[in-house]
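The values are calculated or read from the model by the stated rules, or taken from the named source; none is laboratory data. Keep in mind it's a predicted model, so treat the numbers as computed, not measured. Every residue, glycine among them, receives a Cβ derived from its backbone with ideal geometry; neighbour counts consider all protein chains shown. Ligands, DNA and RNA are stripped out before the accessible areas are found, and what is left, the full protein with its side chains, is counted by its heavy atoms. Shrake-Rupley method; radii C 1.70, N 1.55, O 1.52, S 1.80 Å.
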Amino acid sequence: MAPSLLSTITIACSAVSLAVAISPGFSYGSEKVRGVNLGGWLVLEPWITPSLFDNTGNSAIVDEYTFCQLQDRATAQSVLEAHWASWITESDFEAIAAAGLNHVRLPIGFWAFDVGPGEPYISGQLPYLQKAVNWASNHGLKVIVDLHGAPGSQNGFDNSGQRMDYPTWHSNNTNVARTDAIIKTIADMYKDNPSVVPIIAPLNEPAGFDGNDVLSVVKQYWRDSYGNIRYPYGSSQQSNTVVLIHDAFQPLSYWSGFLTTSDNNAQGVAMDTHIYQMFTDAGNAMSDEEHIQSACGQKSTLSGFDLWLIVGEWTPAMTDCAPYLNGRGIGSRYDGSYPGSTAVGSCTGLTGSATDFSSSYKSSLRKTWEAQVITFEAAAAGWIQWTWKAENADEWTYQAGLNYGWIPQNPTSYEYPNICD
């Protein structure tokens, strides 16, 4: 084990025994989290901004790693800087606050803090992270700083920065140590600003589905992150920053008792779970009513968990029709263009611009939105929809939902308040 890891663990283990209740900048557990993700801004995702990838003319560019690696570097830097400056601005924060939301979750990659030898990433995102925090402060919003990509990739998804079949974050001590150091940096940046940045999420969606070797590393990393985020001043003084860990694609029961008051008296920990219905053949084949029943049925799964529980990603969209959603160059299960899938139907009218959505489809989106919000508010500490905006996948976006009517201007105003009864 790397010496830096060992020292982190020592801090974490000595710190938790001293923990007392914290006072974050939001009343988690009593006031509901209602938020939206700022996806595709400081971490590129091909399905959110397909034009950035299509304009390269290179089909081998499938993630931010290859975006920086496989084209002229000056061109890549120019495109990224223009994107960072325009994709999200203060007007978005103003609109998010006006929509009655109270949180934004902001994904950022490790390469904003640390680009190692041989890594092609282009940095420059940190000034925009700070702009985001300032804009949130101006409009009364809370920011969850979410480390969305780690060295070696924690899941192999393109949204980790690097699409790969066999992610290597967990199998390399240096990768983990670098990630620990980045979390210490983020914690230090915001340790005195819990009123605007009340939560740090130390890693998005680690690939727990790859087995116990991953999960053992993830569990230790969560403990280390607890020490790094809650004790940025050293072991004698704690911060008021909440640590938002992810379920690593395990059932919530797997995490029962983990980093709770009965586990070394840990305080100020929340659990992030992501709920999607379109990443399986069976999910795409479900009827509208079955999707609603599935959403409502989450109540029993989510209820009674022993940490603050936030559904940190979900969407009213119920198909995988959005181009590049499964990866650039990979098709859709719904229309049968995904390898090995069986077509359910045509994606025409189910993705793209909402101007092409039928009234019945928009009504369906309203029902799936409400069923999930009602369930998540009843059974959990709140929700954060993925995502605020996209170039050409309106069914996913909060912004389009507001503009075209399947998301209410006030998130507590329901057309179908009894949809789960």
**OP:** Taking TYR338 as the residue in question, decide whether it is out of contact with any helix residue (DSSP H, G or I) (no Cβ under 8 Å at 6 or more places or on another chain), open to solvent by 40 Å² or more (accessible area, probe 1.4 Å) and aromatic (Phe, Trp, Tyr).
**Re:** yes
Original post:
Failed condition for THR174, given (1) free of Cβ contacts under 8 Å to residues at least 60 places away in the same chain; (2) in a helix (DSSP H, G or I), with all others met?
Top reply: (1)
**OP:** Scan segment 352-371 and give yes if some residue there is open to solvent by 10 Å² or more (accessible area, probe 1.4 Å), of a type in the set (A, V, I, L, M) and modelled with pLDDT of 95 or more, otherwise no.
**Re:** no
Original post:
Regarding TYR121, is this residue touching a Cys at 6+ places or on another chain (Cβ under 7 Å) and aromatic (Phe, Trp, Tyr)?
Top reply: yes
**OP:** Search segment 355-370 for residues that are touching a residue at least 12 places away in the same chain (Cβ under 8 Å) and among the charged types (D, E, K, R) and pair each with any residue that is open to solvent by less than 20 Å² (accessible area, probe 1.4 Å) and part of a helix (DSSP H, G or I) when their beta-carbon atoms are under 8 Å apart and the residues are at least 6 apart or on different chains.
**Re:** LYS362/ALA354; LYS367/ILE292
Original post:
Among the candidates PRO323, PRO316, which residue alone is assigned to a loop (DSSP other than H, G, I, E, B) and open to solvent by 20 Å² or more (accessible area, probe 1.4 Å)?
Top reply: PRO323
Original post:
Only one of these conditions is not met by ALA390: (1) of a type in the set (Gly, Ala, Ser); (2) in a loop (DSSP other than H, G, I, E, B); (3) open to solvent by less than 10 Å² (accessible area, probe 1.4 Å); (4) under 23 Å from ALA95 (Cα atoms). Which number is it?
Top reply: (3)
Original post:
Out of curiosity, is VAL217 closer than 25 Å to TRP386 by Cβ and among the β-branched types (Val, Ile, Thr)?
Top reply: no
Subject >> Output for segment 57-82, where each listed residue is charged (D, E, K, R) and under 14 Å from GLU119 (Cβ atoms) >> reply: ASP63, GLU64, ARG73
Original post:
Do you know which residues across segment 372-421 are without any contact (Cβ under 8 Å) to a residue 24 or more places away in the chain and farther than 20 Å from MET318 by Cβ?
Top reply: SER413, ASN418, ASP421
